[in-house]
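The values are calculated or read from the model by the stated rules, or taken from the named source; none is laboratory data. Everything quoted here is computed from the prediction, not taken from an experiment. Every residue, glycine as well, gets a Cβ built from its backbone with ideal geometry; the counts of neighbours run over all protein chains shown. In case anyone asks, the SASA skips ligands and DNA or RNA and just uses the protein heavy atoms, side chains included. Shrake-Rupley method; radii C 1.70, N 1.55, O 1.52, S 1.80 Å.
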There are 2 protein chains.
Amino acid sequence: MLVNGSPSNVISIRDRGFLYGDGVFRTLRVTNGQAQHWLLHYQKLQQDCAAIAIACPDFALLTAELENLLRNQTDCAIKLIVTRGISTRGYAPSTKTTPTHIWDVAPLPDYPAAWATHGIKARLCQLCLSQQPRLAGIKHLNRLENVLAAGEWNDAEIAEGLLMDTDGNVIEGVRSNLFSVLNGTLVTPSLLACGVAGVQRERVIGWANSNKVPLEIRAMSWDEVINADELFIVNSLNGVWPIRELEQRHWKEFTMTRRVQLELGEMQ
Amino acid sequence: MLVNGSPSNVISIRDRGFLYGDGVFRTLRVTNGQAQHWLLHYQKLQQDCAAIAIACPDFALLTAELENLLRNQTDCAIKLIVTRGISTRGYAPSTKTTPTHIWDVAPLPDYPAAWATHGIKARLCQLCLSQQPRLAGIKHLNRLENVLAAGEWNDAEIAEGLLMDTDGNVIEGVRSNLFSVLNGTLVTPSLLACGVAGVQRERVIGWANSNKVPLEIRAMSWDEVINADELFIVNSLNGVWPIRELEQRHWKEFTMTRRVQLELGEMQ
């Protein structure tokens with residue numbers, strides 16, 4: 001672990017990241033000593049910092065730290081957290097605060113290989129995401145909704161829970177973005193009111209655009225999701241996972257999902 | 001500062017309070033070496049912990065630590081934070097996690113005495129609170145909305161910003177609860193969809209009930225607020241502050257507000 005470039009596994013109890021969740025983060029997969037899609041992650045970090053007016057640490061600085069961290073790593077998960085830093089009492093952010101940045105290295109989660117090939121079992125969460133356009137899309141540190149949703153089940157066979165918002169739109173998974181295939185068109189929920197816009201979601205969107213695969217980003221109802229021809233979820237650690245079971249529905253054909261997995265190289 | 005009973009000003013970067021804002025807190029005023037309304041604060045802490053299934057530290061343990069901390073203090077602000085603690089990777093909370101509890105002592109904020117006597121200038125924030133019934137009322141560590149709202153102004157003459165929710169109901173101040181007087185009735189916004197239910201709000205409600213002052217807890221529109229006969233805000237550090245100016249409206253009579261200040265002993 002590194003805190004502001006120095007080996008440490010602690011932060012101040014007055015860091016605003018702790019007091020208010022006043023910060024953003026990225027989770028990266030490291031494969032064969034390489035941080036996957038680091039540039040895309042940095043760009044998202046930069047956007048997310050800008051959205052809540054945190055000064056994003058320099059690309060060259062973070063890249064040098066990352067390379068240093070990876071010197072003795074082959075495969076692992078790396079978390080990068082940037083907070084607004086330590087300030088005087090109170091919610092009001094100060095422009096004088098120096099951001100804190102933290103790297104944390106952990107083993108990759110050990111999921112069954114069949115989840116990528118044969119698909120996962122998913123469920124619908126009871127918790128509904130609140131709508132906050134000012135924070136929508138941002139991977140910020142206010143993640144209590146995800147904690148509550150993830151706490152709804154403890155059946156290890158269920159790999160993911162899907163989340164609707166308070167208006168009944170399906171938004172994402174607890175730790176993934178969602179895609180569906182409807183009559184040959186890729187459809188993914190718009191994240192204008194809530195949800196986290198991940199790097200893998202962006203990669204799938206970019207791939208579809210480059211390959212002239214029809215793609216729509218829009219509100220999705222539960223009916224559309226449960227009646228989709230295919231469903232898959234994506235995130236940076238696990239790549240692309242088909243959904244084979246969701247509530248009472250089962251899927252066996254993953255034609256488009258396979259194509260996405262292969263062409264994006266995301267068959268983890 | 002104390003972390004889990006020992007002198008420290010740091011926590012693990014893997015504490016869920018930091019990673020996800022997975023925790024709750026209280027802010028107490030200490031006057032003449034006495035923590036004001038400690039029992040009420042503990043009860044709220046217990047309720048908030050229960051609402052997100054964190055095991056609340058024992059009352060006797062916390063009281064002993066608090067008394068120890070206050071041995072050399074006269075007037076100060078004390079923050080008590082309880083997080084779910086350190087767990088393995090991922091959002092899902094584990095029942096095996098031991099909560100972390102933190103005490104932080106800081107000087108009292110130095111506000112003009114006239115704010116309690118002559119009232120404050122307040123504004124309406126642009127940020128609208130999201131609606132999440134599962135977290136409504138809880139003083140949890142996901143406070144980015146408060147940070148964004150507090151960042152909307154830097155005029156030191158403006159003591160507080162009022163917040164509406166995404167449906168246009170007035171809910172609270174950035175760091176206070178709101179009361180209005182409408183034809184002799186105290187009206188305070190209901191906090192079923194968002195907002196933080198503070199100890200001073202509860203004290204005012206209790207006082208009104210005991211003294212047969214008519215009180216309503218319900219949705220409040222901006223029109224009602226701006227046309228109220230009196231407005232006041234309450235929090236644990238500052239007690240009761242009348243609002244003398246809000247956007248274009250000015251108030252000069254604070255009859256009910258004075259009564260609340262005097263009878264609750266909250267003329268800080």
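Annotations for the structure displayed:
- Being of a type in the set (Gly, Ala, Ser) and closer than 20 Å to B:Ser12 by Cα holds for only one residue in A:Ala64, A:Ala77, A:Ala92, A:Ala53, and it is A:Ala77.
- The residues in the stretch A:31-55 that are under 21 Å from A:Met1 (Cβ atoms) and either at pLDDT below 95 or more than 14 Å from chain B (Cβ to nearest Cβ) (or both) can be counted, and the count is 9.
- For A:Pro109, the stated conditions hold: it is within 7 Å of chain B (Cβ to nearest Cβ) and under 18 Å from the mean Cα position of the chain (by Cα).
- Flag if B:Tyr91 is open to solvent by 20 Å² or more (accessible area, probe 1.4 Å), touching a Phe, Trp or Tyr at 6+ places or on another chain (Cβ under 7 Å) and assigned to a loop (DSSP other than H, G, I, E, B): yes
- The single residue among A:Asn183, A:Asn169 that is surrounded by fewer than 20 Cβ atoms within 10 Å (Cβ to Cβ) and at pLDDT 95 or above turns out to be A:Asn183.
- Checking B:Asp155 against (1) at the interface with chain A (Cβ under 10 Å from one of its Cβ atoms); (2) part of a loop (DSSP other than H, G, I, E, B), the condition it does not meet: (1)
- Filter result for A:Arg218 (open to solvent by 30 Å² or more (accessible area, probe 1.4 Å), modelled with pLDDT of 95 or more and out of contact with any Pro (no Cβ under 9 Å at 6 or more places or on another chain)): no
- Test for B:Thr63: is it of a type in the set (Ser, Thr, Tyr) and open to solvent by 10 Å² or more (accessible area, probe 1.4 Å): yes
- Count - residues of the stretch B:191-215 that are more than 14 Å from B:Thr257 (Cβ to Cβ), crowded, with 17+ Cβ neighbours inside 10 Å and small (Gly, Ala, Ser): 4
- Taking the criterion of being surrounded by fewer than 18 Cβ atoms within 10 Å (Cβ to Cβ) and without any contact (Cβ under 8 Å) to a residue 40 or more places away in the chain, the residues of the stretch A:31-41 that qualify are A:Gln34, A:Leu39.
- Identity of the residue in the stretch B:113-127, touching a residue at least 40 places away in the same chain (Cβ under 8 Å) and assigned to a strand (DSSP E or B), that ends up nearest to the other protein chains (Cβ to nearest Cβ): B:Cys125
- Any hit, the stretch B:243-251, residues being touching a residue at least 40 places away in the same chain (Cβ under 8 Å), open to solvent by 10 Å² or more (accessible area, probe 1.4 Å) and on the phi > 0 side of the Ramachandran plot: yes
- Condition met for A:Leu108 (crowded, with 22+ Cβ neighbours inside 10 Å and touching a residue at least 24 places away in the same chain (Cβ under 8 Å)): no
- Among the residues of the stretch B:1-30, the ones that are crowded, with 16+ Cβ neighbours inside 10 Å and either among the aliphatic types (A, V, I, L, M) or farther than 21 Å from A:Gly85 by Cβ (or both) come to 12 in all.
- The single condition among (1) at the interface with chain A (Cβ under 9 Å from one of its Cβ atoms); (2) surrounded by 19 or more Cβ atoms within 10 Å (Cβ to Cβ); (3) closer than 25 Å to B:Phe232 by Cβ; (4) of a type outside the set (A, V, I, L, M) that B:Gln132 does not meet is (3).
- Qualifying residue in the stretch A:178-185 (condition: in a loop (DSSP other than H, G, I, E, B), in contact with a helix residue (DSSP H, G or I) (Cβ under 9 Å, 6 or more places away or on another chain) and within 13 Å of chain B (Cβ to nearest Cβ)): no
- Residue check, B:Val240 in contact with an Asp or Glu (Cβ under 6 Å, 6 or more places away or on another chain) and not charged (D, E, K, R): yes
- Residue satisfying all of: in the stretch A:56-88; within 14 Å of chain B (Cβ to nearest Cβ) and assigned to a loop (DSSP other than H, G, I, E, B); modelled with the lowest pLDDT among these: A:Thr88
- A:Gly239, sole failed condition from (1) open to solvent by less than 30 Å² (accessible area, probe 1.4 Å); (2) small (Gly, Ala, Ser); (3) out of contact with any helix residue (DSSP H, G or I) (no Cβ under 7 Å at 6 or more places or on another chain): (3)
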